[in-house]
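J.: Right, I'll just put the structure down here and ask away after.
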Amino acid sequence: MGIDETTARAVAGLARLELAGTGEGDVRALVEEFSRIVGYMDILAEADTEGVEPLYSPMVDPEPPRPDEPALDGRKAEDILGQAPERVGRFFSVPRVF
Amino acid sequence: MTEMEPVIGLEIHAQLKTRTKLFCTCPIDPGAEPNTLICEICSGQPGALPRMNGKALELAAKAGLAMGCRVNERSLFSRKNYFYPDLPNGFQTSQIDPPICEGGSLDIQGPDGPRTIRLNRIHLEDDAGKCVHDPRRGRTLVDLNRAGTPLIEIVTEPDLGSSAEAMEFLRKLHALLVRLEVTEGRMEEGEFRCDVNISLRPRGETRLGVRGEIKNLNSFRYVGQAIEYEIKRQAGLYAAGRPVLQETLHFDPDRHETRTLRSKEEAHDYRYFPQPDLPPVMVAPGLLEELRASLPAPAEETAARLRGQGLRDEAIALLMDRKGAVEYFDRAAAIYDGPGRIGALMAELLLPACQRDGVPVQSSALGPGGLARLAELLDQGVLGRRAAQELFGELFETGADPGELARERGLLQISDRGALSELAAEVVASHPGEVGKYLGGQEKILGFLVGQVMRRSRGAADPKGAGEALVAAMAGLGRQGGDGDGN
Amino acid sequence: MTELWRLGLGQAAQGLAKRQFTATDLVSASLERIRLSEPRLGACLAVLGQEALDRARDLDREGHDPSRPLWGLPVSVKDVFCLKGAPTTAGSRILEDYRPSFEATVVRRLRAAGAVIVAKTNCDEFAMGSSTEFSAFGPTRNPWDPGRVPGGSSGGAAASVAGFQVPAGLGTDTGGSIRQPAALCGCLGLKPTYGRVSRYGIVAYGSSFDQAGPLARRVDDLGLVLAAIAGPDGLDSTASGRPVGDYANVAEARPGELTLGLPDELWAADFDPLVLGVLERARRELAGAGVRFKAVPMPNLRFSVATYYILAAAEASTNLARYDGVRYGHRSGGDPGLLALYRDSRTEGLGQEVRRRIMLGTFVLSSGYYEAYFRKAAQVRRLIQEDYRKALEGCDFLLAPVSSIPAWPFGSFTDDPLTAYQLDMMTLPLNLVGAPGLSMPAGLGGGLPVGLQLMGRAFDEAGLLSAAKALERILPPLGDPPGL
């Protein structure tokens, strides 16, 4: 199916992306390209999938659930916190949500 | 104007009683310093992968079994995608189709009699972290300690008709899940919280009206207040001929009112799809049987059984209220077949002592065996009620053998017939005057004679047995004397 | 003595065992080769020189340990593998300054086996691409022609192995990202069965497709590395509990006992004539040695590009949601509010191709399109798996080309994503199916390497290696890249 700019903008919004990219990208060209890519995917309409069970993953004999045993490496928390672009005390910090 | 009836459904989030998070081995502790209980998995680092906690699966299945749900042998986790600072992966891992449990119900005592509230489903999911708002800095601060904590979400059918029914349902559900040890259920910690879906429709109408969803209520009282307010608000809209909009609402407990969080148009597109990092959740038939066997009997059945065993209602209520008390009782009653006496001892002495000292019943020093022995001594008349009360403090502290301790303290009663007969004979022989008066019809004098027996036994004689022994001894005398007189 | 950097993994291991040279000698030689060739190749994003030398010296001090099959051997790893405290960018600006707090399972296993990691290799951003041109940190050049791409996304790994920087490297393959650059650079690459190797600590692209695997210059060396990294892992639930084969010691198959299936849909592609020439010559040589061929139809392969891009992009769109500028990675400057922080951090930090795939993946999962795209693709994936199973019924392995064209000049397809996606046609089916595959050089066409791939049954990596050894003996070696 063809994708119009409204749809493309909505998708970009869901993905928290700027449709036009960082520069003054040509929005119309980007929408057209996106539309072409989605259009190509429509080839799947030709596949006869009546009654076919979807295959979401080819995993075989996966791991069983783990036991409820705590294990924590305290230094890891410090390393993780140390990566924060912005911190207040021991908190990650972001602009106000409300 | 037509009368409107409320239609209410609930979505309850209960935090599962596990030691570790749902997908990593970080411990769970609401009191820990911010961001100390985090690892690469629950903080959403690149390359980290989840590994399911088996205990969480068992607890979810157990909750389902207790409410008659169908527990699916195979269920799936999905990703629920949205951005929020407390959501480290950009998705919550939850179950959509199929969830671990489907169907089931819980019976409640409604204002108009008993009602069955149907469940739609129970599913597993992980909790988000916590946002703290710092108005001074104008920042939102994020603590991920809670991120990844296992939850079950219990979704009811819209079967509830009033705030009273909703609150009764929640109380019943809360008590059940706590008793099953599925959750600790500390509501002030948010371990048991509730979303309410509520709509109005003309009485007799079968279709549902447009609903409001009130999010995240963490007390029974708030649930009641929020429902009352929302019924009034929606009724007011209908009365004014204005449309009720499908919205997500927040309840402000200080102002007792609901506020719009977002409208239907702003509703999220969560883009659910099967979580490729996790295998299907499998509940083997063997595990299901094990869990079924581990379920405690429903409360009504237990109460009826205890009543049948001769316990009084107050004792039953006390036992069922205290965690581990019924199990303790059953063990004691299996050792000594005196359930009535055991129940009374627990209600009058053991449970109050546990309560006072903050000791869980099952870890009291006086175990079921000791308590059974105490009941037996009382029933045999070897130990008096007062003596038992006197000993109990020490028994409770030390867990000493009741028989031995009573002997040490000289509190054992002589109820042996031979010994009592001997004592009675001595007293009769040394008090001919009193005996004569008794035989002459002054029966009150028996009390004095019993007192003499008690004195000779240094208080250890069983007074009732002593009286009987004296009467028997004097009856012999009377017959002999009578015979002599007659010669 | 030959130059140490020329030695394959197994040869170097023997030399170390016989005390002909030390681990420090070997690692130093590798680092020296990297120093000399990097200006030309650009294969590495980070060279762990001092750390590698320290480790080699430690190993020498401890003495040779025959129980550790990779003792003292230098290897490179693609920059998608987490190394604790070392840069791990996945070729993305958004992770430019990121330092993992933990180590990928395969890295731990390589180290436990005694390997010394000397470099982290370049790749397309988040492994999305087939030319390594989408790395945020510059291109990697093909050792056979510096004007051409090395393939991708594990282009740095392939160039580092084919350019003799290291005897073996670790890459990842989501839609061909090991096999295709190996073919375009003239080395070998193995994509194991999905679940054969733990994905823990590998920056994720498509979770139900990603597999780590080795690139090397000899079949035996692929087996040595696979033996060290394969097997279940308590940290990756999707890793399989199936028993691990003796990959380091496989017998060579007899060509006369091999029947190879030729998937019609892959051999009917529109080939570059030079590539076709090499492929046909290779088939004649194999037939001459006694290998039997059998044409096999796999009708649903015509859907494989669409199926793959829908499913992998969907998974990627949510795997990459964590790059939001909150906990780590690039955060946009300025402070216009949370929504803008998300949007600007991601738009600035993620490259165009990555954003393209996130858009596609977000779209196919969104309300109203899920059934027609995502679920439909998952159903077609089942059909392709079924085709694959049937194709293997009458033969031992499948044999297919890896790419219809040889390494291409830079910039050929960067503005034509759809054509670039269609070029992945040969390699995608294995990832959809989850089966193992191995690509190896078939010869040179116009001075550029052309590859062939063997595809096998799930968890039959040992069989695959054994057949590849037979083919390795029959097909002519490529020789050295010019200007080595």
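J.: Restrict the check to the stretch B:161-174 and report whether at least one residue is assigned to a strand (DSSP E or B) and of a type in the set (D, E, K, R). Even if it seems obvious, please write down each step before you answer.
T.: Step one: of the stretch B:161-174, the residues assigned to a strand (DSSP E or B) are none.
Within the stretch B:161-174 (the criterion being assigned to a strand (DSSP E or B) and of a type in the set (D, E, K, R)), the answer is no, since none of the residues qualifies.
J.: Just to be sure, is C:THR419 within 12 Å of another protein chain (Cβ to nearest Cβ) and of a type in the set (Ser, Thr, Tyr)? Don't jump to the end; show me each part of the working.
T.: Working: within 12 Å of another protein chain (Cβ to nearest Cβ): yes; of a type in the set (Ser, Thr, Tyr): yes.
Criteria met by C:THR419.
J.: Follow-up question, since we're still on this one. Out of the residues in the stretch B:81-107 that are within 14 Å of chain C (Cβ to nearest Cβ) and of a type in the set (Ser, Thr, Tyr), state the one that is farthest from B:PRO279 (Cα to Cα).
T.: Going residue by residue through the stretch B:81-107, those that are within 14 Å of chain C (Cβ to nearest Cβ) are B:81-94, B:96-97.
Checking the rest, the ones that are also of a type in the set (Ser, Thr, Tyr) come to B:82, B:84, B:93-94.
Details: B:TYR82: 22, B:TYR84: 26, B:THR93: 13, B:SER94: 13 Å.
Out of the qualifying residues, it is B:TYR84.
J.: For C:THR22, work out the one condition from (1) surrounded by 17 or more Cβ atoms within 10 Å (Cβ to Cβ); (2) in contact with a Phe, Trp or Tyr (Cβ under 9 Å, 6 or more places away or on another chain) it doesn't fulfil.
T.: If we test C:THR22 against (1) surrounded by 17 or more Cβ atoms within 10 Å (Cβ to Cβ); (2) in contact with a Phe, Trp or Tyr (Cβ under 9 Å, 6 or more places away or on another chain), just (2) comes out false.
J.: Search the stretch B:25-36 for residues being at the interface with another protein chain (Cβ under 9 Å from one of its Cβ atoms) and assigned to a loop (DSSP other than H, G, I, E, B), and hand back the single one that is surrounded by the fewest Cβ atoms within 10 Å (Cβ to Cβ).
T.: Restricting attention to the stretch B:25-36, the residues satisfying the condition of being at the interface with another protein chain (Cβ under 9 Å from one of its Cβ atoms) are B:25-28, B:33-36.
Keeping just the survivors that are assigned to a loop (DSSP other than H, G, I, E, B) gives B:25-26, B:28, B:33-36.
Details: B:THR25: 20, B:CYS26: 28, B:ILE28: 22, B:GLU33: 12, B:PRO34: 21, B:ASN35: 25, B:THR36: 18.
Among them, the one singled out is B:GLU33.
J.: Now a separate question. Give the residue that is farthest from the other protein chains (Cβ to nearest Cβ), with candidates limited to residues of the stretch C:237-268 that are in contact with a helix residue (DSSP H, G or I) (Cβ under 7 Å, 6 or more places away or on another chain), surrounded by 16 or more Cβ atoms within 10 Å (Cβ to Cβ) and assigned to a loop (DSSP other than H, G, I, E, B).
T.: C:GLU252
J.: Would you call A:ASP26 of a type outside the set (Phe, Trp, Tyr), surrounded by fewer than 19 Cβ atoms within 10 Å (Cβ to Cβ), closer than 27 Å to C:PHE363 by Cβ and more than 9 Å from chain C (Cβ to nearest Cβ)?
T.: On the way: of a type outside the set (Phe, Trp, Tyr): yes; surrounded by fewer than 19 Cβ atoms within 10 Å (Cβ to Cβ): yes; closer than 27 Å to C:PHE363 by Cβ: yes; more than 9 Å from chain C (Cβ to nearest Cβ): yes.
Yes: the conditions hold for A:ASP26.
J.: If I ask for residues that are surrounded by 16 or more Cβ atoms within 10 Å (Cβ to Cβ) and either more than 7 Å from chain C (Cβ to nearest Cβ) or touching a residue at least 12 places away in the same chain (Cβ under 8 Å) (or both), which ones from the stretch A:55-65 would you list?
T.: The initial filter retains those residues of the stretch A:55-65 that are surrounded by 16 or more Cβ atoms within 10 Å (Cβ to Cβ), namely A:55-60, A:62-63, A:65.
Listed by number, the list holds a single entry, A:PRO65.
J.: Still on this structure, I have one more. Tell me, yes or no, whether the stretch C:214-228 has at least one residue that is of a type outside the set (Val, Ile, Thr) and either within 14 Å of another protein chain (Cβ to nearest Cβ) or under 30 Å from B:VAL281 (Cβ atoms) (or both).
T.: Taking the stretch C:214-228 and keeping what is of a type outside the set (Val, Ile, Thr), we get C:214-218, C:220-224, C:226-228.
If we keep only those that are either within 14 Å of another protein chain (Cβ to nearest Cβ) or under 30 Å from B:VAL281 (Cβ atoms) (or both) too, we end up with none.
Within the stretch C:214-228 (the criterion being of a type outside the set (Val, Ile, Thr) and either within 14 Å of another protein chain (Cβ to nearest Cβ) or under 30 Å from B:VAL281 (Cβ atoms) (or both)), the answer is no, since none of the residues qualifies.
J.: A further question on this structure: With under 30 Å from C:ARG141 (Cα atoms) and either crowded, with 24+ Cβ neighbours inside 10 Å or touching a helix residue (DSSP H, G or I) at 6+ places or on another chain (Cβ under 7 Å) (or both) as the only criterion, which of C:TYR373, C:TYR308, C:TYR328 stands out? Before the answer, list the steps.
T.: Numbers: C:TYR373 fails: under 30 Å from C:ARG141 (Cα atoms); C:TYR328 fails: under 30 Å from C:ARG141 (Cα atoms).
After ruling out the rest, the residue left standing is C:TYR308.
Residue by residue, here is whether (1) part of a loop (DSSP other than H, G, I, E, B); (2) over 29 Å from C:GLY329 (Cβ atoms); (3) at the interface with chain C (Cβ under 7 Å from one of its Cβ atoms) holds:
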{"site": "A:ALA8", "(1), (2), (3)": "no, no, no"}
{"site": "A:GLU18", "(1), (2), (3)": "yes, no, yes"}
{"site": "A:TYR40", "(1), (2), (3)": "no, yes, yes"}
{"site": "A:ASP48", "(1), (2), (3)": "yes, yes, no"}
{"site": "A:GLU53", "(1), (2), (3)": "yes, yes, yes"}
{"site": "A:LYS76", "(1), (2), (3)": "no, no, yes"}
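J.: Among the listed residues C:ASP124, C:ASP65, identify the single one that is away from chain A (no Cβ under 14 Å), more than 22 Å from A:ASP79 (Cβ to Cβ) and under 22 Å from the mean Cα position of the chain (by Cα). Show your work before the answer.
T.: Numbers: C:ASP65 fails: under 22 Å from the mean Cα position of the chain (by Cα).
Every option except C:ASP124 fails the conditions.
J.: Let me ask something else. Could we say that A:PRO85 is closer than 30 Å to C:PRO243 by Cβ and either more than 8 Å from every other protein chain (Cβ to nearest Cβ) or buried (at least 16 other Cβ atoms within 10 Å of the Cβ) (or both) here?
T.: Details: closer than 30 Å to C:PRO243 by Cβ: no; either more than 8 Å from every other protein chain (Cβ to nearest Cβ) or buried (at least 16 other Cβ atoms within 10 Å of the Cβ) (or both): yes.
Answer is no for this residue.
J.: Could I ask something else about it? Go through the stretch C:433-465 and give me each residue that's within 18 Å of C:LEU224 (Cβ to Cβ), surrounded by fewer than 23 Cβ atoms within 10 Å (Cβ to Cβ) and touching a helix residue (DSSP H, G or I) at 6+ places or on another chain (Cβ under 9 Å).
T.: Once the filter is applied, which keeps residues that are within 18 Å of C:LEU224 (Cβ to Cβ), surrounded by fewer than 23 Cβ atoms within 10 Å (Cβ to Cβ) and touching a helix residue (DSSP H, G or I) at 6+ places or on another chain (Cβ under 9 Å), the stretch C:433-465 yields only C:ALA462.
J.: Anything in the stretch C:327-377 that is of a type in the set (Gly, Ala, Ser) and either under 18 Å from C:TYR98 (Cβ atoms) or more than 7 Å from chain A (Cβ to nearest Cβ) (or both)? List them, or say none.
T.: Filtering the stretch C:327-377 for residues of a type in the set (Gly, Ala, Ser) gives C:329, C:332-334, C:337, C:340, C:345, C:349, C:351, C:361, C:366-368, C:372, C:377.
C:GLY329, C:SER332, C:GLY333, C:GLY334, C:ALA340, C:SER345, C:GLY349, C:GLY351, C:GLY361, C:SER367, C:GLY368, C:ALA372 - these are the residues of the stretch C:327-377 that are of a type in the set (Gly, Ala, Ser) and either under 18 Å from C:TYR98 (Cβ atoms) or more than 7 Å from chain A (Cβ to nearest Cβ) (or both).
J.: Have a look at C:GLU386, C:GLU472 and point out the one that is surrounded by fewer than 23 Cβ atoms within 10 Å (Cβ to Cβ) and touching a strand residue (DSSP E or B) at 6+ places or on another chain (Cβ under 7 Å). Before the answer, list the steps.
T.: Working: C:GLU386 fails: touching a strand residue (DSSP E or B) at 6+ places or on another chain (Cβ under 7 Å).
None of the other options fit; the residue is C:GLU472.
J.: Which ranges mark the helices (runs of 4 or more DSSP H) fully within the stretch C:357-455 that have 2 or more residues being of a type outside the set (S, T, N, Q) and closer than 22 Å to B:PHE273 by Cβ?
T.: So the answer is C:376-391, C:428-433.
J.: Give the residue that is nearest to B:GLU58 (Cα to Cα), with candidates limited to residues of the stretch B:130-177 that are out of contact with any Phe, Trp or Tyr (no Cβ under 9 Å at 6 or more places or on another chain), within 14 Å of chain A (Cβ to nearest Cβ) and crowded, with 22+ Cβ neighbours inside 10 Å.
T.: B:THR149
All of the numbers you see were taken from the coordinates with simple rules; none came from a lab. Not measured: the values here are computed from a predicted model. Heads up, the Cβs are rebuilt from the backbone with ideal geometry, glycines too, and the neighbour counts pull from every protein chain shown.
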